[in-house]
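Please read the structure below before turning to the comments.
The values are calculated or read from the model by the stated rules, or taken from the named source; none is laboratory data. Remember, it's a predicted structure, so these values are computed and weren't measured experimentally. We place every Cβ from the backbone using ideal geometry, glycine too, and count neighbours over all the protein chains shown. Just so you know, the surface numbers come from the protein's heavy atoms only, side chains and all, with ligands and any DNA or RNA stripped out. Shrake-Rupley method; radii C 1.70, N 1.55, O 1.52, S 1.80 Å.
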Amino acid sequence: MDSPIAKHSNTRTIAVLLPLPLAGPYDYAVPDGVSLSPGDFVTAPLGARQMVGVVWGAGKGGIDPAKLKPVRAKLDLPPLPEDLRRFIDWVADYTLAAPGAVLRLAMRAPSAAQPKKPRRAVAFDAPDAEHPGPQLSVQQADAARALGDAVQAQNYSCTLLQGVTGSGKTEVYFEAIAQALRQGKQALVLLPEIALTVQFLQRFAARFGAAPAEWHSQLPDARRRNIWRAVASGEARVVVGARSALFLAFTDLGLIIADEEHDAAYKQEDGVIYHARDMAVVRAHLKDIPIVLSSATPSLETVVNAQTGRYGHLILPDRHGGAQLASIEAVDMRATGLPAGQFISPRLLHLMGETLARGEQVLLFLNRRGYAPLTLCRACGNRMECPNCSAWLVEHRYHNRMLCHHCGHEAQKPKVCPACAAEDKMVALGPGIERLAEEVAAAFPEFTPAMLSGDHSVDQVRGAIAAFTRGETKLLIGTQIIVKGHHFPDLTLVGVIDADLGLAGGDLRAAERTFQMLHQVSGRAGRAQRPGHAVLQTYMPEHPVMQALISGDQAQFLAAESDARRARALPPFGRLAALILSGPDQQQVRDFATMLVRHAPNGKDLHVLGPAPAPLALLRGRHRYRLLLMATRQHNVQALLRRWLGRVNVPPRVRLNVDIDPYSFM
Ligand SMILES: [Zn+2]
Ligand SMILES: [Zn+2]
């Protein structure tokens with residue numbers, strides 16, 4: 001710096017990024033005798049507050065250093081590594097989020113860690129790469145060797161590991177982890193639903209003789225701080241975690257695995273809106289290390305990348321140990337003549353009876369929590385709706401409550417209709433898992449069905465899954481929470497109550513997701529020596545998704561999906577970005593949305609759709625409008641959006657969220 005100000009003072013300045021949604025890092029003065037490097041955690045004043053932040057680099061200058069506030073203290077924490085800082089900047093740039101908001105994802109633990117607190121030291125056992133693990137089949141061993149080579153190469157590569165449910169993909173990528181451990185590297189395994197990973201942890205311990213470090217949002221604070229430090233110091237060698245584990249400060253990361261890579265739970269839908277699988281590929285790229293994407297039903301995005309050669313592709317075509325895939329049949333619900341209030345077809349009931357009589361287990365899948373999705377007055381047609389959202393209140397009979405699944409609004413179930421005051425006219429329409437349990441209990445009084453959904457705590461879910469795995473319960477009824485990763489040796493029949501549920505609505509991935517979910521849930525059946533069978537109850541047995549499930553022809557289904565998306569330039573062949581506007585005053589939100597469209601970019605192969613009221617037009621008391629930017633892959637969507645949004649001022653009470661590569665269109 002050769003400015004006059006700098007000549008008057010020898011105060012050094014640094015830029016500190018604070019975990020707040022600010023435009024970027026702020027400059028601070030460095031007190032004499034203090035040595036600071038990029039990545040160091042410091043406390044620094046912001047207004048009257050002292051905040052923990054990270055030294056991001058040299059100061060920008062332009063302000064008299066004598067007028068800058070000094071950083072207060074350097075914290076006794078391992079610095080945030082350079083590759084993680086670059087990753088944070090990259091994610092912020094891609095998602096149009098504030099860098100400090102992304103930094104916060106990497107600071108959930110240390111920001112809570114006050115430097116004076118005593119360290120509780122918890123030892124992390126070292127997983128042993130040479131611990132004798134299960135015997136691999138020839139197919140598994142070949143795939144494991146290929147992944148091991150990729151790890152040994154110690155540079156970026158992305159490999160799709162595709163195999164039917166039960167083909168032993170986990171054991172294959174364990175060998176890649178073993179190779180990383182041999183090379184003294186850390187490994188990260190991302191799972192979409194960490195709360196449900198009991199069996200993963202057991203299999204890991206069986207292979208490596210020790211548990212991995214587990215990272216998810218429900219950990220107590222002290223445990224989170226411990227793990228954060230152990231990852232940053234290198235003490236924790238393997239981490240299994242939900243999407244936020246991607247922002248841990250690994251000291252020597254050598255491998256990333258994203259298991260169930262197709263899973264929609266990888267998309268973070270609030271705060272910083274990002275897709276953890278896509279960002280995992282970016283992190284691997286920036287760190288120049290291999291990443292493995294594992295799935296039985298890979299996303300079209302990943303399949304296309306494998307087909308074009310951007311990703312490697314390893315396929316395990318058979319189930320491990322010679323087990324057969326479940327046979328799948330569709331039951332045409334148009335022809336069942338079920339009485340109102342009953343949801344299990346005679347065919348499925350018959351098969352359930354046979355299965356239970358053989359001492360085997362039954363799983364019923366219905367992706368709907370609670371008792372009934374809709375409560376309606378038979379006298380006047382009034383529907384019980386949430387006052388804050390465009391959504392029905394869902395009856396939860398077990399808790400004797402009406403609940404909004406979007407905002408958590410609770411109400412008593414009314415005895416008289418709130419609209420017309422008619423008595424005893426409120427009826428429950430449609431099934432939730434609680435109502436299904438009632439029907440099952442009436443049909444099979446000697447069996448008590450267990451229920452699992454997002455209403456249950458992690459411990460309850462783990463307990464129920466353990467009991468079902470041991471065969472103590474014979475009947476399990478659940479939502480998508482039961483779809484993933486579980487291995488039930490005596491489960492031979494899966495019944496899908498409403499196979500069409502996911503096909504409703506205009507989501508571009510509705511068919512793909514329904515296929516993935518139903519394929520996965522059907523794959524729970526018959527994983528050991530006994531063959532499994534799955535029944536899909538559907539009103540659309542001729543739908544391509546149902547046909548693909550019955551025939552088992554996943555490749556043909558994906559090819560048809562791929563053609564349809566290519567023809568409409570939809571992802572992965574085109575790019576999307578959604579703008580979601582919300583606010584308490586509907587007119588104000590609509591006016592701003594209309595104004596935004598007037599400033600919309602135009603160009604070849606570029607379209608802006610909307611504004612349209614969002615399907616969830618009212619959410620938590622805020623009125624919502626959506627705009628969708630569609631562009632070919634040649635366009636730089638982020639640059640377009642920055643220019644566009646730079647031309648308008650968002651009114652004070654309106655919120656504007658940008659969702660790059662949207663997965664939800666609600
Ligand atoms: Zn009424
Ligand atoms: Zn609500």
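Numerical summary
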{"quantity": "Number of the condition not met by Arg624 [criteria: (1) within 16 Å of ligand 2 (Cβ to nearest atom); (2) at pLDDT below 95]", "calculated": "(2)"}
{"quantity": "Residue selected from region 436-451 under the condition within 21 Å of Arg368 (Cβ to Cβ) and open to solvent by 70 Å² or more (accessible area, probe 1.4 Å), by the criterion farthest from ligand 1 (Cβ to nearest atom)", "calculated": "Thr448"}
{"quantity": "Output for region 207-247, where each listed residue is hydrophobic (A, V, I, L, M, F, W, C), open to solvent by 20 Å² or more (accessible area, probe 1.4 Å), within 24 Å of Asp263 (Cβ to Cβ) and in a helix (DSSP H, G or I)", "calculated": "none"}
{"quantity": "Residue that is part of a helix (DSSP H, G or I), open to solvent by less than 20 Å² (accessible area, probe 1.4 Å) and free of Cβ contacts under 8 Å to residues at least 40 places away in the same chain, where the choices are Ala564, Ala560, Ala639, Ala593", "calculated": "Ala593"}
{"quantity": "Residue within region 371-382 that is within 16 Å of ligand 1 (Cβ to nearest atom), in contact (Cβ under 8 Å) with a residue 40 or more places away in the chain and within 30 Å of the chain's Cα centre (by Cα) present", "calculated": "yes"}
{"quantity": "Check on Leu348, farther than 30 Å from Thr473 by Cβ and open to solvent by less than 60 Å² (accessible area, probe 1.4 Å)", "calculated": "no"}
{"quantity": "Selection count, region 43-70, where residues are surrounded by 19 or more Cβ atoms within 10 Å (Cβ to Cβ) and either within 36 Å of the chain's Cα centre (by Cα) or under 9 Å from Val16 (Cα atoms) (or both)", "calculated": "7"}
{"quantity": "Residue that is touching a residue at least 24 places away in the same chain (Cβ under 8 Å) and closer than 29 Å to Gly463 by Cβ, where the choices are Gly234, Gly184, Gly148, Gly166", "calculated": "Gly166"}
{"quantity": "Criterion violated by Ala511 - all others in (1) at pLDDT 90 or above; (2) of a type outside the set (D, E, K, R); (3) more than 30 Å from Gly574 (Cα to Cα) satisfied", "calculated": "(3)"}
{"quantity": "Looking only at region 413-435, and only at residues there that are over 28 Å from the mean Cα position of the chain (by Cα) and β-branched (Val, Ile, Thr), the one that is farthest from ligand 1 (Cβ to nearest atom)", "calculated": "Val427"}
{"quantity": "Residue in region 390-407 that is within 16 Å of ligand 2 (Cβ to nearest atom), touching an Asp or Glu at 6+ places or on another chain (Cβ under 7 Å) and of a type in the set (Phe, Trp, Tyr) present", "calculated": "yes"}
{"quantity": "Residue within region 462-471 that is among the polar types (S, T, N, Q) and surrounded by fewer than 22 Cβ atoms within 10 Å (Cβ to Cβ) present", "calculated": "yes"}
{"quantity": "Qualifying positions in region 255-274 - crowded, with 22+ Cβ neighbours inside 10 Å and assigned to a strand (DSSP E or B)", "calculated": "Leu255, Ile256, Ile257, Ala258, Asp259, Tyr274"}
{"quantity": "Subset of region 275-284 that is under 11 Å from the mean Cα position of the chain (by Cα) and over 23 Å from Gln179 (Cα atoms) - its residue that is surrounded by the most Cβ atoms within 10 Å (Cβ to Cβ)", "calculated": "Ala276"}
{"quantity": "Within region 398-412, considering residues that are open to solvent by less than 100 Å² (accessible area, probe 1.4 Å) and out of contact with any Cys (no Cβ under 6 Å at 6 or more places or on another chain), the one farthest from ligand 1 (Cβ to nearest atom)", "calculated": "Gly408"}
{"quantity": "From Gly353, Gly454, Gly359, residue being closer than 25 Å to Gly523 by Cα, within 16 Å of ligand 2 (Cβ to nearest atom) and open to solvent by 20 Å² or more (accessible area, probe 1.4 Å)", "calculated": "Gly454"}
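Yes or no, residue by residue, for (1) acidic (Asp, Glu); (2) open to solvent by 10 Å² or more (accessible area, probe 1.4 Å); (3) modelled with pLDDT of 90 or more; (4) part of a helix (DSSP H, G or I):
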position	(1), (2), (3), (4)
Gly485	no, yes, no, no
Phe488	no, no, no, no
Gly502	no, yes, no, yes
Leu518	no, no, yes, yes
Ala525	no, no, no, no
Arg530	no, yes, no, no
